[in-house]
Each structure stands twice: as C-alpha cells, then as structure tokens.
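This report concerns only the one structure given below.
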Amino acid sequence: MAAAATKPYRLLIGGEWTTGSAGTYDVVNPATEAVVGAAPEASAADAEAAAQAARDALPGWKRTPPETRAQLLTALADAIRARSDDLLPLIMAETGATLKVGSALQVPQAVARFERYARGALEDLSIPLPPSVMPSTPLAPGGLIGGLGLRQPVGVVACISPYNFPLVNMAGKVGPALATGNTIVMKPAPQDPLAIIELADLCQQVGFPPGVVNVVTGSSPELGEALVRSRNVDMISFTGSTAVGTRIFESGGQTMKRLLLELGGKGACVVCHDADLAKAVTALVSVWGFHSGQICTAPTRAIVHRSVYDRLVAGLSAAAPNLVVGPPESPDTVVGPVISARHRDRVEEYIETGAKEGGSLAIDGRRPDHVTEGYYVGPTLLTDCTNDMSVVREEIFGPVIVVVPFDEEDDAIRIANDSDYGLYDYVFSEDTGRAFEIAQQLEAGHVGINTAQRNHEAPFGGFKMSGVGRDGGVFGLHAYTEIQAVIWPG
C-alpha cells in the first residue's frame, strides 16, 4: 500500500484487504477543514467478521514462541521508524497535532512502546506459589502440594483508541496484547483512522499471521457496539470519554467482557504556599500547549493557596501571549486546532458557561482573530472559580484552565477529591515530604509531585469514573492476561 493521502484505504480482516460494507466517509483536517482521505465505513457485520478472524487465528498465535512474537514486534517498531517521514504528516493532518507534539510524541512514542513490549514478550510473568501441606480429604490424598500462577492470554481483544494520540495509544494496547499471545481487532476513533490502517498494513508487511491483527473503521457508534456485544471478543481495551466507557461497561457485562477502560480526567493541580511557582506555571501551561488541552492527564484544575493565588494567575497570564496559535506545520506554533467544529463549539460553550456561573474570564481564547480556517480555541483562563461550577467539575478537553483558591491543606485535598474523576493529579510544594503526604490522600490513579513528566513503567489508570484497570510497563502485560493456577502433588 502506498503512502499517498489519496490512496484507497481499506479494512483488514483475516489477512485480506476489503472495502467497508457501508461505503466510505471523509476524514477532515481540523486545521484546514480539507479532506485528508476517505476512510472505509464498516458495518456491524464487518466488525463481527473481524472478530471471527481474530478468534480463528487465536490458537496458532497463542502457540507462537515468545521469541517469535518479540521479533515481530521489533520488526514492527523498525518499520514504523522507517515510515516516520510520511506517517507524521498524515497524523498531523488527521489530528491537528503541532509539529512539536507530533515529531516528539506521535510517532517516536509508538516506536518506543512496540520496542518495550517486544522485550515484554520475553518476560516470565509466572507467579511461584509456596508449597502447601494439605490433609487427606474425600477428594484426594494429603501431602505437599505445589503450585504456579500462570498468565494466559485473555483471547481476542478489541482495541478502541481515542482521537488525540491515535498511533501512540493504539501501540500501548496492541503491543502488550500481542506480546502476551492475544489476537486483536483495532477500531480507531472515527476522526483519525487512516494512520491506524497504515499500522495494520505494516503489521502485515513484517509478517504477523493472517487474522492476528485486524482493523475496522467507521463513523457510526454501531461498530464499537458490535465489538462489545460480540461473543468472539473476550476483552475491550478502550480509551475515551467516561460517557462511552460507562456504556461499554454496561453492555460488556452481558458477555462478561474483560475490561481495560482509560476514561476522562479533570486533573487537580494543588499549588501549596511554598511551591516553586515557575515549575507550577510550566506544568499548567501544558494544558494550553500540549495538543490544545486534548489530553486526559492535563492539570486543568489549579487549586492554589490563597497566599500565592495572584502570583500564579499573573504567571499564567504572562505566559499565554507567548503561546502562538496557528497552523500545526509551523515550527513556531504551540497551540493548534481542536479536533472538530463540534468540539470547538463544545469548548466555547463551557467557557461561556464558566463566565455566567461567576468565573472571571482572565484570558478568553475563543475564535482567535488571526485564524481564518480550522477549529481553533486559544489559551483560556477562568479565575475566581468555585468547586460547584460546571467548568470545574466537568472535563472540557480543551485549552482551558480553571483556578480555585484554598486556605488550608485539608481544603485543598477536599476540593481535589470532590470530583467524579480520579485519573491524574499534581502537587507542587518545595517540602517534598509534605507533598508526598498530600499525594497519598488524593483519590487519583497517578500523582505527579513537582512535575508533569511521566514514568512509562508506572501503572496508569484511574480511580472513580476515570476508568477500570491499569496498563503501562509490566502492568500492561498483566492487563491482557488471565491468571491460571496449576497445582501438583510434591
């Protein structure tokens, strides 16, 4: 398959490239509003065919030696790296990611994840069990009974990825799933599926057997719903909104689906009285400059000690004009578009609501004056907020920061935890011991102390409505396995 954007993109089902049963739909560049390409519109029947193909390929792939799986994953990482010069422009066109974000993260991190799980395929995940002295029973003679906990592949995994980091996120699902012996059906977000079709093509090129990797795309919810309902699918690995995640949870229960759900977030950034404000401002500015705030881990709620409140707001206000809003391909651009006109309108509605509810609009990023095309929202700052406001409680998924003051440490913890979400929080304090104590009281799956940096070996996932399960590092390998106990007499 050639790399040109005008190429005919197809579904991959059981090793065969096929058109979508429901035709095609346009994928639109959010920066220019131009059509990037026509994606196949799969039907529920196509989704079931892909699940059946994955089911048929499962026995052979489970028996494939770990060394072979590792070699194929390494070859896939190498193939992506070799194609980076044409994959990056495609991803930027589909997602609106800036050159800085795209070149640093969209493709290189996908390579890194496949390399990590190539190594992971060779890890021994078995759990030695201590011998147990058992008495004789009507079931069996007594004696010393040994045992081992084995991690077996879950089976067929439907990997459903979000629109913000399509290739990186899919790599974080596909890598550990394949490494542990599962077969997969990839279902990318409808807004940007083309790079994932390219990924499927590379999987086929490097030698993954037919049916081990499948891809279906479509603009209708029925595609994902069909995968969740299918009895040929054992597990759903989904990254996206909490609203969709709850529907997957409900529907998947009918067939007892194993679930890995990484859902919404409303990251609290607790800024203590002794915080290094330069560090805190740098972390908060990432809401604006990192993919236009379209990231679930963003510190969108600044919970700031009243003694440093004005200084922090001043720091954010001073930083905002330096964040160039513009076309993603420009090296000077920091803030690119959001994914669609519909999402831009949604973000703008939240900004208006925040002002109506009593927030002070210190910086209004709606409809930047110099932008004539595309779906842009500039850096926006709402101050004087309280925890009962919609903009403080709900995930906006855009370049919007809300600032809430606090007086006592217990107030900060209470405000941070008074949320439906619990994905990723932050604490800034020069007293790292106290920051650690605060971190332990936050109801979040991940807490960064004095940094917005990640550790990719750490378990990643959320408390409360932010999801179910953990991935990342070895935890990603665990997520795609079932524990099987094997016992024997000593």
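For helix 44-63, what angle does its Cα long axis make with the longest principal axis of the chain, in degrees from 0 to 90 and rounded to 10?
60
Express the relative contact order of region 42-181 as a whole percentage, based on alpha carbon pairs under 8 Å and six or more residues apart in sequence.
31
How big is the gap, in Å, between the Cα center of region 1-80 and the Cα center of region 268-330?
38
In region 173-212, which residues have a backbone nitrogen under 12 Å from the label point lying 7 Å from VAL486's Cα in the Cα-to-Cβ direction?
Counting backbone N atoms under 12 Å from the label point, the list is empty.
Set the Förster distance to 30 Å, then compute FRET efficiency between GLU408 and ASN322 from the Cβ-Cβ distance, nearest 0.05.
Plugging the Cβ-Cβ distance into 1/(1 + (r/R0)^6) gives 0.35.
Only Lys, Arg, Asp and Glu count, each charged at its Cβ (+1, +1, -1, -1), so figure out the dipole size of region 79-194 about its Cα centre, rounded to 20 debye.
My answer is approximately 80 debye.
Check each of the GluC sites (Glu not before Pro) in region 58-126 and keep only those in coil by DSSP with at most 16 other C-beta atoms within 10 angstrom; list them in order.
Within region 58-126, the qualifying GluC sites (Glu not before Pro) (loop, at most 16 other Cβ atoms within 10 Å) are GLU123.
Just order 11-17, 170-176 by mean Cβ neighbour count inside 10 Å, highest at the front, would you?
For the peptides 11-17, 170-176, the packing ranking is 170-176, 11-17.
Would you mind calculating the gained length between THR451 and ASP56 on full extension (0.36 nm times residue separation, minus the Cα-Cα distance), in nm to one decimal?
Working it through step by step, the gained length comes to 137.6 nm.
Using a Förster radius of 22 Å, what is the FRET efficiency between SER21 and SER340 based on their Cβ-Cβ separation? Nearest 0.05, please.
For R0 = 22 Å, the calculated efficiency reads 0.30.
What is the calculated FRET efficiency for LEU148 to ARG119, with r their C-beta to C-beta distance and R₀ = 22 Å, to the nearest 0.05?
0.45
Need one number: nm distance between label points at ASP384 and ASP431, each 7 Å from Cα along Cα→Cβ, rounded to one decimal.
With each label placed 7 Å out from Cα toward Cβ, I get 3.1 nm.
Gain in length, SER286 to ARG311, computed as 0.36 nm per residue apart minus the alpha-carbon separation, to one decimal in nm?
7.2 nm
Which residues among region 452-485 fall inside the zone where the amide N is under 20 Å from a point 7 Å beyond the Cα of LYS279, along Cα→Cβ?
452-456, 458
Taking only C-alpha pairs under 8 Å that are 6+ residues apart, what is the relative contact order of the chain in percent?
Computed value for the chain: 18 percent relative contact order.
Roll a 1.4 Å probe over the protein chains and send me the accessible area per residue for the chain in Å².
Accessible surface, normalised per residue, equals 40 Å².
For the chain, give the magnitude of the charge dipole about the Cα centre (Cβ charges: +1 Lys/Arg, -1 Asp/Glu; no others), in debye to the nearest 20.
1420
Can you match Rg/Rh (Cα atoms, Kirkwood Rh) to one of these, (i) 1.01; (ii) 1.07; (iii) 1.03, based on a calculation from the structure here?
Correct label, based on the coordinates given: (i).
Evaluate the relative contact order of region 140-248 (contact order divided by residue number), counting alpha-carbon pairs under 8 angstrom at least 6 apart; express in whole percent.
33
Ignoring ligands, DNA and RNA, what percent of the 1.4 Å accessible area of region 1-146 is carbon and sulfur?
Result for region 1-146: 60 percent of the exposed heavy-atom area is carbon or sulfur.
LYS62: which lysines have alpha carbons under 28 Å from its alpha carbon, excluding same-chain residues fewer than 8 sequence positions away?
Result set, ordered by chain and number: LYS173, LYS187, LYS257.
May I ask for the angle, rounded to the nearest 10°, between helix 341-356 and the longest principal axis of the chain, with both axes built from Cα atoms and the value confined to 0 to 90°?
50
On a straight-distance basis, which aspartates and glutamates could pair with LYS464 in a cross-link, Cα separation under 16 angstrom, same-chain partners fewer than 8 positions away excluded?
GLU250, GLU262, GLU394, GLU395, ASP418, ASP420, ASP425, GLU443
For the chain, find the longest principal axis of its Cα atoms and tell me its angle to the long axis of helix 432-441, 0 to 90°, nearest 10.
The angle comes out near 70 degrees.
Once phi is turned into θ = phi - 60°, what whole-Hz ³J(HN,Hα) does the Karplus curve with 6.51, -1.76 and 1.60 give for every residue of region 117-130, x standing for Gly and Pro?
In residue order, the calculated couplings are 8, 5, 5, x, 4, 9, 6, 7, 9, 5, 10, x, 10, x Hz.
The values are calculated or read from the model by the stated rules, or taken from the named source; none is laboratory data. Every value quoted in this text rests on a predicted model; they were computed, and no experiment measured them. We place every Cβ from the backbone using ideal geometry, glycine too, and count neighbours over all the protein chains shown. Just so you know, the surface numbers come from the protein's heavy atoms only, side chains and all, with ligands and any DNA or RNA stripped out. Shrake-Rupley method; radii C 1.70, N 1.55, O 1.52, S 1.80 Å.
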